[in-house]
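The values are calculated or read from the model by the stated rules, or taken from the named source; none is laboratory data. Since the model is a prediction, treat every value here as computed from it, not as a measurement. Here the Cβ positions follow ideal geometry from the backbone for every residue, glycine too, while neighbour counts run over all protein chains shown. Note: accessible area is taken over every heavy atom of the protein model, side chains too, but ligands, DNA and RNA are not part of it. Shrake-Rupley method; radii C 1.70, N 1.55, O 1.52, S 1.80 Å.
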Amino acid sequence: MQAAIKKWSALVVLAAIALAGYLAWNALDHDPKAPDVNFALLDGKTITSQDLRGKVVLVNFWATSCTTCVGEMPRMVKTFDRFAPKGFELVAVSMSYDRPDYVKTFATSGPLGALPFPVAMDTSGNIAKSFGDVRLTPTSFLIDKSGNIVKQYVGPPNFNELHTLISQLLAKQA
């Protein structure tokens, strides 16, 4: 009788663990869709999420007051220059608290010269909210050709890993 109870208890525990695992796995949104947003660029133009479909995209939230953001920017430029001819896009999104004149100066004539990729101003904070209420900078989202978020980086990315992932995503069909 005691052996049957132990066996039954073990079975119930295993079933509970399996159920918890199943529910946790399904609660995770694998490759969640990137939000539909409008990026208001410094030059007055607008890019939409739909405009970026078919490309691999890195959306990088940054601020001129963030030394880590400014420090990673030369590597972002190199990443863009390397992969843009293959269908890669990078959109740098300044945070709502960043002064527009600082952003414009950095993006057009800062230490790196004019940035080669689009720079958006998130003056309302709506873009950051749409991406899960981004508050820490730098935070970046790598998005595949179908508009799915494949990876989120909080802090500077491991650029070797990022480049490998970009290459893999560029090789896939949308």
### Contacts under 8 angstrom Cβ, first residue in region 146-168 being over 13 Å from residue 59 (Cβ atoms), partner among the small types (Gly, Ala, Ser) and open to solvent by 30 Å² or more (accessible area, probe 1.4 Å), 6 or more apart
146/174; 156/71
### Only one of 128, 107, 171 that is free of Cβ contacts under 8 Å to residues at least 12 places away in the same chain and among the small types (Gly, Ala, Ser)
171
### Message
Can you confirm whether residue 144 is in contact with a strand residue (DSSP E or B) (Cβ under 7 Å, 6 or more places away or on another chain), on the phi < 0 side of the Ramachandran plot, open to solvent by 20 Å² or more (accessible area, probe 1.4 Å) and of a type in the set (Asp, Glu)?
### Response
yes
### Summary
The number of residues in region 79-104 that are open to solvent by 30 Å² or more (accessible area, probe 1.4 Å) and touching a residue at least 12 places away in the same chain (Cβ under 8 Å) is 10
## Note on the structure
If you go through 98, 81, 122, the only one that is more than 20 Å from residue 52 (Cα to Cα), among the charged types (D, E, K, R) and at pLDDT 95 or above is 98
